[in-house]
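Please read the structure below before turning to the comments.
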Amino acid sequence: MKEKKKAEKTEAYDFAKIEQKWQKEWEKKKVFEVKEDSKKKKFYVLEMFPYPSASGLHMGHAFNYTIGDVYARFKRMQGFNVLYPMGYDAFGLPAENAAIKAKSHPKKFTDEAIANFVRQQKGLGLSYDWGREIITCEPEYYKWNQYFFLKFLENGLAYRKRAAVNWCPKCESVLANEQVHNGRCWRHEDTEVEIKQLEQWFIKTTKYSDELLNTKNLEWPERIKIMQENWIGKSYGTEIDFEIPTESNFIVLHGYGGSSEVNFFPWLKRELEKKGYKVSVPKLPNTDNPNVNEQVKYVLDNCKLDENTVLLGHSLGSVVALKVLESLNKPIKKLILAAGFIEPVIKEWPFVKNFDWKFDFEKIRDNVKEIIILHDTKDKIPREQAEKLKEKLGSKLIYFEAEYKHICGEREPIVLNACLEKWSIFTTRPDTIYGVTFMVVSAQHPRLMELVLEKQKKDVEKFLGKIKSTSEKDAEMFGKEGVFTGSYAVNPLTNERVPVYAGNFVVADYGSGMVMAVPAHDQRDWEFAKKYKIPIKEVIKGGNIKEKAFTGDGILINSGKFSGLKSPAAIEEITKFLESKRLGKKAVNYKFRDWLVSRQRYWGTPIPIVYCEKCGIVPVPEKELPVRLPEKVKFGAGNPLATNKDFVEIKCPRCKGKARRETDTMDTFFDSSWYFLRYCDNKNEKEPFDKKKAEYWMPVDQYIGGAEHACMHLIYARFFTKVLRDFGFVKFDEPFFKLFNQGMLHGNDGYVMSKSRGNGVLPEEASKKYGIDAARLFLMSQAAPDKDTQWSENGIEGSLKLINKIFYYFSSLKHGKSSAIIESKTSKAIKEFTDDIENFRYNLGIIKLRALFEAFENEKEISRKDAESFLKMLHPFCPHIAEELWHKIGNKNFISLESWPKADESRINLQLEKQEQACNNLVGDINNIIKLLREKQNKDVHKVYIYTLPKEKDSYDKELLRKKLNIEIEIYSVADKGKHDPQGKASKAKPGKPAVYAE
RNA sequence: GCGGGAGUGCCGGAGCGGUCAAACGGGUUGGCCUUAGGAGCCAAUGGCUUAGUGCCUGCGAAGGUUCGAUUCCUUCCCCCCGCACCA
């Protein structure tokens, strides 16, 4: 009712008809299609492609896309070859879940949603090159995900690892670190993420940590850069080894001939026993003519091998140790290979006969928790051999430089050192090491139980149970908590023994998951120490540690030979000292983790891997790509791919033997990490994209999207680009040169507009009522596009009014000659407007457009050129009406492809504009006088006399004033002799402000 | 707690060393037009004052720098965003 009446009265122009007409026309004539053109400068405008949700677009999306469309249209008119594409991030959980609920198929859901999106987006008048559309769930696209994954694998950037991973019970899948927010799933705010130990695929994003940290050359919002920087979280510090002796039984296996045991082993035994370890040196049989198998059997039969065992193999003993490990069925604590362990050397020994030199390294690895290989650089055994072994065992390789001496030399302390049970910690404050009064290991530390003594087991288990059953929220309330493990750590500088606690406030996967606690100089440690009555030892002067920890820099006290140093110097000195004693080293730590890409869900890109019973992990050969997602699947419990026999059961591509397919799919962020490259060449069947085409279009000149992707999509995409650069696919380092973060659109209720909130306004509805041009204009005029904006019906009506006026104005416009003032104003407007659009100050640009139009309205005639300039400026915001009026005034081509107006600086005449301003002020003054006379003196004014300064007389147009005031006017110069001035008002005239007399 | 951004009228928001604080939009009030209008046009919208003027108040609070600050600096308060026990 309401609208109908309004429509009748306002006789609003027929926007629906006009908008449809031009949308069809643009599509028919392929106005926005682009090709590479070496003669033209390119400009790539890109909006983050949407996930095609079933609920479709609301006004918030329209706001978003309009920002990009305005820019694309602007740049196109400026003469750039503009690539402005659209596509759909079509894989993902919502479609799968919706399909399960509706007993349908995610493909069907997705297709429908996309069709809906496309229709709605076309309705917004967006100038995409639709020929470049990409849809990530199509095999033509995801084939290349798989291709890239294989490339990653080939180059050691993809690996499989068993690790503690984040599991969302609602998604029934693991999540990347980036997808866990506050311990909860990024899609399920109320769902706590669980930690599971799973074998998963990872991408080595950390290889590029440092390069990703460099954002200097990016024109991005500072806060996004800072967010990324914080996310990567690089910090410099020192790694320090603390010895924590627990129950350890050393079994020292000597080598051939037993020469080393004469002096070295007794010494080692003595030293270790001094420190509280148990040591045995079994007398291996036949040392003069050794038989490895026999010796292995001897060890297996005579030695106690359990989780407290440390095997130290020396020379041939190393081989024995390795073989022993092969035959165990439960792991021992530690393996130390001290020397002479490499096959070629030992092989030469004549007496080692009939020995099978093949090792089952996987088994060995499984049977020991820690492996240390000591490599003597002066030894005959080349370094590569040691490295090779290291690779196979995944051990810590420790080099030492020393002469090979049988009697205690440099080498012996190093062996001893390796025997000690070291737990390294990371600290940025080694200067406080003398203040360590306890240690805290994370309650989630995988090796926590090794530190727990028998008598403490109950306490620790109780504690672990408690924190498991407490949610994060409650944990905050309880504060820092912990429990004594029973073990003591030895401070490497003071040799003091300090208790080791398990605590809830230490992060398991940062650093080593253990910290040295300095309560005097760390607030967290301070709180913990207070709670558990642990001594607080001040080692840095500067604060009052009775009240709280002093965390600043200062001068060291109670710190042995380092006392008196200032913190920064002490950090240097102490680190140097530790390094010299092999007790620690400089280290860099990152918060950034490798990207976990496996997902236990159906609706994603299948990971192109096969597990063969014989060959192990086998990549699917490139020519067999894509590994298609089977269409027929049964949704039920868990991942439907896992129960799909046709998919899973397969022959090994290598040996043709029995094998099974990887059933995990890729994180959908994999899809979005390179889609901007595919737009450059979206139909390529031979390659992910043509290098030349990508070279022409990339990098994206202007990327537009939300800030919520700062630490996810934007990091992954940057990572991908750098990898592809190193693979030779592209030549640039960064995908997105400029980034713009749009604000959020709020609904009538003041909350961010969203489907779930129910405050969404459909673009179609607004379109129907006001036209999409009015909606676009309103959305862009409210505030700067990077700020949040509120939707309002009144506001859009205001925009419609303006467009309406413009429509009728141009419909009856007769071209002529522009006045000097209009020429000036038009030129000035062009200049300022261009600058505003370029810098995303759309709202300010629109104001200038309004002002210019008002100036037009007051004129009798306007030149064709000025009128056209106005329409061209209107066009990015209101493309339909601009196109319509452009044709209406007699043009045949598309305004969308016209060239941007140029400001003619010579036409800008500020003097004239000043005069106009003065004239307007005068009108205001006179109106005010008339009003005051009427109200105060009850006088009606018939005629007004104006007295200007002599040189200003021509600045005031009598006719114009008469028209504006609708009253008789007489203008005098103050110098005029015969002027009518009964009250002597003329004397009040000032520059730019004439005197006035009214009667 | 740390990091980032902001605080201007009834509201959204301009201004970011002086020449104008409140452009532009919305709202509200009054007037014109009109049978009527929620259409259109005009005007007002911190206070006092006035023939067009002048003065005062004023840009979260308090200080400071400056001849001069909404604009720069310091502290505090509040709001928004991000990270969150990262050693």
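No value in this document is a laboratory result; all are computed from the given coordinates. Computed from a prediction, not measured in an experiment: that's the story for all the values here. Cβ coordinates were reconstructed from backbone atoms using ideal geometry, including for glycine residues, and neighbour counts include every protein chain displayed.
Considering the dipole of chain A built from charges on the beta carbon (Lys and Arg +1, Asp and Glu -1) around the Cα centre, which of A:ILE650, A:GLN937, A:ILE114 is farthest to its positive end?
About the Cα centre, the residue reaching furthest to the positive side is A:GLN937.
Enter the angle in degrees (range 0 to 90, nearest 10) between the Cα long axis of helix A:567-580 and the first principal axis of the Cα atoms of chain A, meaning the one along which they spread out most.
40
In whole Å, how far is the Cα centre of segment A:94-150 from that of segment A:604-629?
Centre-to-centre (Cα) distance: 24 Å.
State the number of lysine pairs found in segment A:185-248 whose Cα atoms come within less than 22 Å, restricting to pairs 8 or more positions apart or on distinct chains.
9
If one computes the Cα centroid of segment A:895-937 and of segment A:713-742, what distance in Å separates the two points?
50
Check each of the trypsin sites (Lys or Arg not before Pro) in segment A:798-872 and keep only those in coil by DSSP with at most 14 other C-beta atoms within 10 angstrom; list them in order.
Answer by residue number: A:LYS814, A:LYS817, A:LYS860.
Based on Cβ point charges of +1 for Lys and Arg and -1 for Asp and Glu, what charge dipole magnitude is obtained for chain A about its Cα centre, in debye rounded to the nearest 20?
In debye, rounded to 20, chain A gives about 1000.
Mind checking which lysines have their C-alpha under 29 Å from A:LYS103, skipping anything on the same chain fewer than 8 residues away?
Output for A:LYS103: A:LYS143, A:LYS170, A:LYS632, A:LYS634, A:LYS645, A:LYS755.
Rg to Rh for chain A: what is it, with Cα atoms only and Rh by Kirkwood?
Computed over Cα atoms, the ratio is 1.12.
Give the relative contact order (percent, whole number) for chain A; include only Cα pairs under 8 Å separated by 6+ residues.
13
Please count, across segment A:901-956, the pairs of lysine residues with Cα atoms under 19 Å apart that sit 8 or more places apart or on different chains.
5
Structure shown: which of A:LYS75/A:LYS122; A:LYS35/A:LYS731; A:LYS269/A:LYS392; A:LYS29/A:LYS122; A:LYS369/A:LYS533; A:LYS480/A:LYS576 lie over 24 Å apart, alpha-carbon to alpha-carbon?
On the way: A:LYS75/A:LYS122 20 Å; A:LYS35/A:LYS731 20 Å; A:LYS269/A:LYS392 29 Å; A:LYS29/A:LYS122 15 Å; A:LYS369/A:LYS533 34 Å; A:LYS480/A:LYS576 33 Å.
Long pairs (Cα-Cα over 24 Å): A:LYS269/A:LYS392; A:LYS369/A:LYS533; A:LYS480/A:LYS576.
Grab the DSSP H runs of chain A that are 4 residues or longer, score each as -39,500 (n - 2.57), total them, divide by all residues and round the 222 nm result to the nearest 500 deg cm²/dmol.
-11500 deg cm²/dmol
With unit charges on the beta carbon (Lys/Arg positive, Asp/Glu negative), name the residue among A:VAL518, A:LEU578, A:ALA54 whose Cα is farthest towards the positive pole of the charge dipole of chain A.
A:ALA54
Between segment A:18-34 and segment A:69-85, how far is it from one alpha carbon centroid to the other, in angstrom?
Taking the Cα centre of segment A:69-85 as reference, the centre of segment A:18-34 is 15 Å away.
Might you report the magnitude of the Cβ-based charge dipole of segment A:599-724 about its Cα centre, with Lys and Arg at +1 and Asp and Glu at -1, to the nearest 20 debye?
The dipole of segment A:599-724 has a size of about 560 debye.
For segment A:579-650, what is the per residue volume of the convex hull drawn over the alpha-carbon atoms, in cubic angstrom? If you can, show how the numbers build up before the last one.
On the way: hull volume 15.4 nm³, N = 72.
Hull volume normalised by residue count: 214 Å³.
Can you tell me the dipole magnitude for segment A:410-535 around its Cα centre, using point charges on the Cβ only (Lys, Arg +1; Asp, Glu -1), in Debye to the nearest 20?
Around 380 debye, computed over segment A:410-535.
Under 16 Å from the Cα of A:LYS275, which lysines turn up, not counting those fewer than eight places away in the same chain?
Hits, sequence-local ones excluded: A:LYS422.
Please determine, in degrees from 0 to 90 and to the nearest 10, the orientation of helix A:222-232 with respect to the longest principal axis defined by the Cα atoms of chain A, where the helix direction is its Cα long axis.
Relative to chain A, helix A:222-232 is tipped by roughly 10 degrees.
Among the lysines, which fall within straight-line cross-link reach of A:LYS614, defined as a Cα-Cα distance under 17 Å, with same-chain neighbours fewer than 8 residues apart omitted?
Straight-line reach from A:LYS614, under 17 Å: A:LYS358, A:LYS363, A:LYS651, A:LYS656, A:LYS658.
For segment A:1-150, build the charge dipole from Cβ charges (+1 Lys, Arg; -1 Asp, Glu) around the Cα centre, then report which of A:TYR13, A:ALA98, A:PRO139 sits farthest towards its positive end.
A:TYR13
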